[in-house]
1. Among the residues of segment A:130-152 satisfying the criterion of being in contact (Cβ under 8 Å) with a residue 40 or more places away in the chain and at the interface with chain B (Cβ under 7 Å from one of its Cβ atoms), which is nearest to residue B:170 (Cα to Cα)?
2. Within segment B:99-133, can you find the residues that are of a type in the set (Lys, Arg) and surrounded by fewer than 14 Cβ atoms within 10 Å (Cβ to Cβ)?
3. Could you tell me whether residue B:114 is of a type in the set (S, T, N, Q) and not in a helix (DSSP H, G or I)?
4. Give all pairs with beta carbons closer than 8 Å in which a residue from segment B:35-48 that is farther than 21 Å from residue B:186 by Cα meets a residue that is of a type in the set (Gly, Ala, Ser); count only pairs at least 6 apart in sequence or on separate chains.
5. Which residue pairs have Cβ atoms under 9 Å apart, sit 6 or more places apart or on different chains, and have a first residue in segment A:153-175 that is within 13 Å of residue B:157 (Cα to Cα) and more than 7 Å from chain B (Cβ to nearest Cβ) and a second that is surrounded by fewer than 21 Cβ atoms within 10 Å (Cβ to Cβ) and of a type in the set (Ser, Thr, Tyr)?
6. Answer yes or no as to whether residue B:213 is buried (at least 21 other Cβ atoms within 10 Å of the Cβ) and either free of Cβ contacts under 8 Å to residues at least 12 places away in the same chain or facing chain A (nearest Cβ under 7 Å) (or both).
7. Tell me, please, whether a residue that is part of a loop (DSSP other than H, G, I, E, B) and either under 18 Å from residue B:196 (Cβ atoms) or of a type in the set (S, T, N, Q) (or both) can be found in segment A:145-153.
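The values are calculated or read from the model by the stated rules, or taken from the named source; none is laboratory data. Predicted model only: the values in this text are computed from it and were never measured. Every residue, glycine among them, receives a Cβ derived from its backbone with ideal geometry; neighbour counts consider all protein chains shown. These area figures cover heavy atoms from the full protein model, side chains too; ligands, DNA and RNA do not enter into them. Shrake-Rupley method; radii C 1.70, N 1.55, O 1.52, S 1.80 Å.
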Number of protein chains: 2
Amino acid sequence: MRLSELSERSGVSTATIKYYLREGLIPAGLRVSATQAEYDEGHLRRLRLVRALIQVGRLPVATAREVLTHVDDESLGRTIRLGAALWALPHGPSPDEDAPETAEARAHVAALLTELGWSTALELGDLSPVHRSLVASVASLVRLGYPCDIGYLTRQARIMEQAAVHDLDEMETYGSEAEQVEKAVASAVLYEPLLMSLRRLAQSEESARRYGL
Amino acid sequence: MRLSELSERSGVSTATIKYYLREGLIPAGLRVSATQAEYDEGHLRRLRLVRALIQVGRLPVATAREVLTHVDDESLGRTIRLGAALWALPHGPSPDEDAPETAEARAHVAALLTELGWSTALELGDLSPVHRSLVASVASLVRLGYPCDIGYLTRQARIMEQAAVHDLDEMETYGSEAEQVEKAVASAVLYEPLLMSLRRLAQSEESARRYGL
């Protein structure tokens, strides 16, 4: 399809598409003449992901480009490729290494991951920004004097495991590995706020069930 | 206890505590002389919550005050009191009522809530900012052309229901209703980022289990 059709089907203006092309967020089309290029369904799909990252996730262009570099890196194994793309997304704060509660939080997280048998997370440890932001969250609990009960966190983590199984089942309905990784990235940006809304609604629902309004 | 002990036990400087007192975020102590007041465990607990809201949740002082007003409002039923406190927390964006996909998103959300049998959420509808931000998330999916499968969302919502049951069980271990509502607010601010980290780690773990690294 031509640029005008890509614009029409995606609902993105041609000026914005040209900007994304210049910034390397979408691969160039197949040049068919000096002034025209041809685009395909892959471009449409990529455009959708770029909008999810930039318009919904509010990522800076440079961060979006980094995420997409990992999505496209076929030299990586699937878990690492997925991980690298998710790692490039914005995370919560990293732990403050000078704070006394950080060592305690790190020990809590190690105990939790051991209890869960999450060997990949244990092995990668602080290499992963997701792990670092988990340590930072637990450090906040410790610093403020909130309980950090491994039993409670384990139950919550088992629930997230179930969600992950559904997520990967859903991902596998997509044909290529690139599409699957794209889907996982879009899901992190688009579905996490949605899940948090569902969690808060579920709490009200359960409260109404137990205590009335 | 005196202000100095409150400061020592909470790790918050006396200057910051005085600021919170002036801003009405912590109730005044019991005046015992012209220059001294006495504080109790309730003050310590409230101070912890204020730090969670302001230092971790990065809420503006006015928003924190609004949240605490609902926490303290004993005229409300428990579900409404909990809901009102959570509603005052920051949410995702509200839906754009002029956008064509918003009506479709609202229909999807109504179908989802009906399928789930979440009658409180259905009844409150757009009165709740949580509901509005769910509609906005679904509208993003629709606008970008991502699938919005009610079956998938129902499965995810059922998982969040399980999490809510654990949350309320945990809440009930706290003595008074005020403490329970405080706990729910702290949990929304402190545990949501933690759960999202667990979700991303669970995805990597499940991916490693299925495909290796």
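1. Among residues in segment A:130-152 that are in contact (Cβ under 8 Å) with a residue 40 or more places away in the chain and at the interface with chain B (Cβ under 7 Å from one of its Cβ atoms), the one nearest to residue B:170 (Cα to Cα) is A:137.
2. Residues satisfying the conditions do not exist here.
3. Numbers: of a type in the set (S, T, N, Q): yes; not in a helix (DSSP H, G or I): no.
Considered against the rule, which asks whether it is of a type in the set (S, T, N, Q) and not in a helix (DSSP H, G or I), residue B:114 comes out as no.
4. Matching pairs, first to second residue: B:37/B:28; B:37/B:29; B:38/B:29; B:39/B:29.
5. none
6. In short, no.
7. yes
Okay, residues lined up against (1) open to solvent by less than 20 Å² (accessible area, probe 1.4 Å); (2) under 21 Å from residue B:143 (Cα atoms):
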position	(1), (2)
A:42	no, yes
A:50	yes, yes
A:58	no, yes
A:61	no, yes
A:65	no, no
A:74	no, no
A:83	yes, no
